[in-house]
Amino acid sequence: MEDAIFVDDLVKSYDGRKIAVDHLTFNVKKGEIYGLLGRNGAGKSTTIKILTTLIKYDSGIANVLGLDVSRNGSEIRRRIGVVQQEEAFDFTTVDNNFKLYGMMWEVPREEANSRKEMLMELFELNELKKKRMYDLSGGQKKRVQVAREFMHDMDIFFLDEPTVGLDPIMRRNILDYIKTQTKKGMTVLFTTQNLEEADYICDRIGIVNNGKKVAEGTSSNLKTKYGALRTLKIGYSSDRKIEQKDILKNVDDEDIIEIDIGESEISVVSGKIENVVSQVLQNLSAIGVKSDKIMIDNPTLDDVFMKVIEK
Amino acid sequence: MRIPAFMRLTIRNIIVNIDIGTLIFMLGLPTLYLFVMGFMFQGIVTTGVPLSSGSTVSYTTFLAPGIIALESFTAGNIGGGMLWSDRRWGMFERIMVGPFRRIDYLLGIITVSIIFALVGSLIMLGFALLIPISVVVTPESILLSIFAIVVGTMLFSSLFLIISGLSKSMQAYNTITIVLFFMLDFASTAFYPITKNTPLWLRTLSGSNPLSFIANILRDSLISSISSSTFFYAGILLIVMLVLLGISLRIYKSIRSGI
């Protein structure tokens, strides 16, 4: 599939000293949602600023929609939508902010009106439309900031931590709406600190640290590769007092990180859970304890993130 | 029909700036100056105010062109200040990643300033005619008046663009603009004539104040007579505007819209 974004060996430093983007390489396919994850100052926002033609890069390749960002700024800017990390709004009413966007992006008036009505409804902004932007809460402003981008058509949507300050329901609504738009061909480059939402929305994820890409893949690939610690939970009912040595008989000590024996549940944390499960169940059976529930917790993207960044 | 990018930004600037605060700043204060200050001083300056042509007019007649000149200053302040406001509230960055070029943004600011100044001047002229004052209407006087208002507005837009570009904090920006507002407004010939009794330092300050040049051109064009000194003021105004515009362009180019 064609690349909507192609970044190769990209370098950006500030004042020739602080390297913000350090030989970064990644690509985003058309219609894909790609998440850039990283700690504060990892280079995510700088990468978005380069790709949206806001700042220049030092070396490497940065192509958007097949166009070099350093030479085709005007063409690229016509075809993208951007939600910056910082607040960005006009000092007027919510309604006017939408209208102005339609006018500035040359959306025909009738179409702009119908889009505005639809977005106001979808993003639950109807009650706020007469309010001035500075009277809104942080989350409400962010909602307007994301919603008004859909006033105009775009091939790629760049979102730099767009859900900060939003309540969980609205966050989910916005993510779902973005997902539906990608089905129509829109590509998304998304940065977030919220790993749960990256897990929910992103087709692929790139983790950056100190400007370098340190891991990349689908959420499940990353979890398999890096999310080594998993928890085995076994529910049971028995009058017999269970001891640790009963459970861990013939289990390699090195495979066990932590064990907790509760009144109705045993949990075992292991780096090699596949080696542990059958032996632990056999041991329980051997002492006459019947398990009524067996569950293995999947690793979260948080686990992956921590592990990759620590590495 | 496609509207050029800078005009779309101009329309945006008009919509964003039309609020009660701007209307008071642009029309309310000058109207108060014209009627309250005008009639109060007229009660004191009973002998009239001498013009450069040698004739004498009432204080309100003298003041009216000065108040019209103020519209250029105020509109320039509003326009140039938009860069500060847009940088502060993130819209500058957003516009820069939209379907616009940097020059479109600048043209949008200068155009809205000129529109505000011309409309404001026309309204003030209307109020002045109610006083009433008699105005000279010839093609030359109209052209020179428009020239003074447009060039003067571009000059003040450039000045406030420079301040917007250099200011690091809202406090610094506000302090500088307030000081400039009082200094340029009151140390000019907009409100008072320069006479032989004016202290030399104030005469120098007022004589080199661009607002004085605009007021002098408007006064000569509208209520006195156009002379060689009118064209001298116009020439100086144009040169100062071009210098300030050049500086503002350099500063504007160096503004990092990102980090």
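The values are calculated or read from the model by the stated rules, or taken from the named source; none is laboratory data. Given the structure is predicted, the values throughout are model-derived calculations rather than measurements. Neighbour counts are summed over all protein chains in view; Cβ atoms, including those assigned to glycine, are modelled from backbone coordinates with ideal geometry.
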*Quick one: which of A:Gly31, A:Gly38, A:Gly43 is surrounded by fewer than 19 Cβ atoms within 10 Å (Cβ to Cβ), in the same structural domain as A:Phe157 (by TED's automatic domain parsing) and under 20 Å from the mean Cα position of the chain (by Cα)?*
A:Gly31
*outside any loop (DSSP other than H, G, I, E, B) and modelled with pLDDT of 90 or more, is that true of A:Gly81?*
yes
*Do we find that B:Gly54 is at pLDDT 95 or above and more than 12 Å from chain A (Cβ to nearest Cβ) in this structure?*
no
*Would you be able to tell me the number of residues in region A:56-68 that are buried (at least 19 other Cβ atoms within 10 Å of the Cβ) and either within 8 Å of chain B (Cβ to nearest Cβ) or touching a helix residue (DSSP H, G or I) at 6+ places or on another chain (Cβ under 6 Å) (or both)?*
3
*How many residues does region A:29-41 contain that are more than 22 Å from A:Ile309 (Cβ to Cβ) and touching a Gly at 6+ places or on another chain (Cβ under 9 Å)?*
2
*Which fully enclosed helices (runs of 4 or more DSSP H) of region B:27-125 have 3 or more residues being in contact (Cβ under 8 Å) with a residue 60 or more places away in the chain and closer than 29 Å to A:Val144 by Cβ?*
B:59-88, B:91-96
*With region A:232-311 as the region, which helices (runs of 4 or more DSSP H) entirely inside it contain at least 3 residues that are in contact with a helix residue (DSSP H, G or I) (Cβ under 8 Å, 6 or more places away or on another chain) and among the aliphatic types (A, V, I, L, M)?*
A:273-286, A:301-310
*asked:* Looking at (1) touching a strand residue (DSSP E or B) at 6+ places or on another chain (Cβ under 9 Å); (2) more than 14 Å from every other protein chain (Cβ to nearest Cβ), which one does A:Lys44 not meet, given that it meets all the others?
replied: (2)
*Between residues in region A:287-311 that are more than 30 Å from A:Gln193 (Cβ to Cβ) and residues that are of a type in the set (Ser, Thr, Tyr) and outside any helix (DSSP H, G or I), which pairs lie under 6 Å by C-beta distance while being six or more apart or on different chains?*
A:Val289/A:Tyr236; A:Val289/A:Ser238; A:Ser291/A:Tyr236
_Are there helices (runs of 4 or more DSSP H) fully within region A:90-152 with at least 3 residues that are crowded, with 19+ Cβ neighbours inside 10 Å, modelled with pLDDT of 90 or more and within 12 Å of another protein chain (Cβ to nearest Cβ)? List them._
A:94-104, A:138-149
*Name the single residue, out of those in region A:1-19 being within 14 Å of chain B (Cβ to nearest Cβ) and modelled with pLDDT of 90 or more, that is nearest to A:Thr46 (Cα to Cα).*
A:Lys12
